[in-house]
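Structure first, commentary second.
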């Protein structure tokens, strides 16, 4: 599926960039790691990645993505490089309760330009920073994976495809644990090859 999104300054090669959703995480605020189920999911993601021809591996600096990326790294022999541009739009890490966090999250989904009061980015800004990372990664001319988060992946897809092109269930339910979204960067064009699966 062609996303029809065109960048102005990328190279001329064709590169696949895979976004891997972090594995199932512990349900707590702050910077939780992954669960035992999550570890098994991440190990399966590593098995997939071993056959994907990856030359590089990046992750968000949050613990759940680093732990997921560590399983992928173990399977591929790649070093996972943390990059803040892959972080989530908003993380529940403050003293406020989950209800406050959830209300802010919901508002950022409904209003893509809304900048949350809880130390986060708007949906538009989150998508732009992840897109910047993808373009930079694609310049290296080798397939890569970025272990990231569901909200920022959905933000990116909304930017690439428009809201009408994104399954409403993705916005409502999130990206499944360890789902892979594959993008093709061909010169200045970014196309969605495969949605979160």
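As for segment 10-20, it holds no residue that is in contact (Cβ under 8 Å) with a residue 12 or more places away in the chain, more than 24 Å from residue 183 (Cβ to Cβ) and not in a helix (DSSP H, G or I).
The set of residues in segment 65-80 that are crowded, with 16+ Cβ neighbours inside 10 Å and more than 24 Å from residue 116 (Cβ to Cβ) comprises 67, 68, 69, 70, 71, 72, 73, 75, 76, 78, 80. Beta carbons closer than 6 Å, at least 6 apart along the sequence or on distinct chains, pair a first residue in segment 28-46 that is in contact (Cβ under 8 Å) with a residue 40 or more places away in the chain with a second that is buried (at least 20 other Cβ atoms within 10 Å of the Cβ) and part of a helix (DSSP H, G or I) for 42/68; 42/71; 45/72. Listed conditions (1) buried (at least 17 other Cβ atoms within 10 Å of the Cβ); (2) under 29 Å from residue 70 (Cα atoms); (3) modelled with pLDDT under 95 are all met by residue 178, apart from (3). If the condition is being within 11 Å of the chain's Cα centre (by Cα) and crowded, with 20+ Cβ neighbours inside 10 Å, then segment 181-197 contributes 181, 196. Tallying residues that are buried (at least 19 other Cβ atoms within 10 Å of the Cβ) and closer than 21 Å to residue 138 by Cβ within segment 151-174 yields 9. Only one entry in 78, 54 is touching a strand residue (DSSP E or B) at 6+ places or on another chain (Cβ under 6 Å), touching a residue at least 40 places away in the same chain (Cβ under 8 Å) and more than 26 Å from residue 173 (Cβ to Cβ), namely 54. Once segment 82-102 is narrowed to residues that are free of Cβ contacts under 8 Å to residues at least 60 places away in the same chain and surrounded by fewer than 14 Cβ atoms within 10 Å (Cβ to Cβ), the residue that is nearest to the chain's Cα centre (by Cα) is 84. Only a single criterion out of (1) surrounded by 15 or more Cβ atoms within 10 Å (Cβ to Cβ); (2) farther than 23 Å from residue 26 by Cα; (3) at pLDDT 95 or above is not satisfied by residue 62, namely (2).
The values are calculated or read from the model by the stated rules, or taken from the named source; none is laboratory data. In this text the structure is predicted, and so the values were computed from the model without any measurement. Quick reminder, even Gly has a Cβ in these numbers, built from the backbone with ideal geometry, and neighbours come from all protein chains shown.
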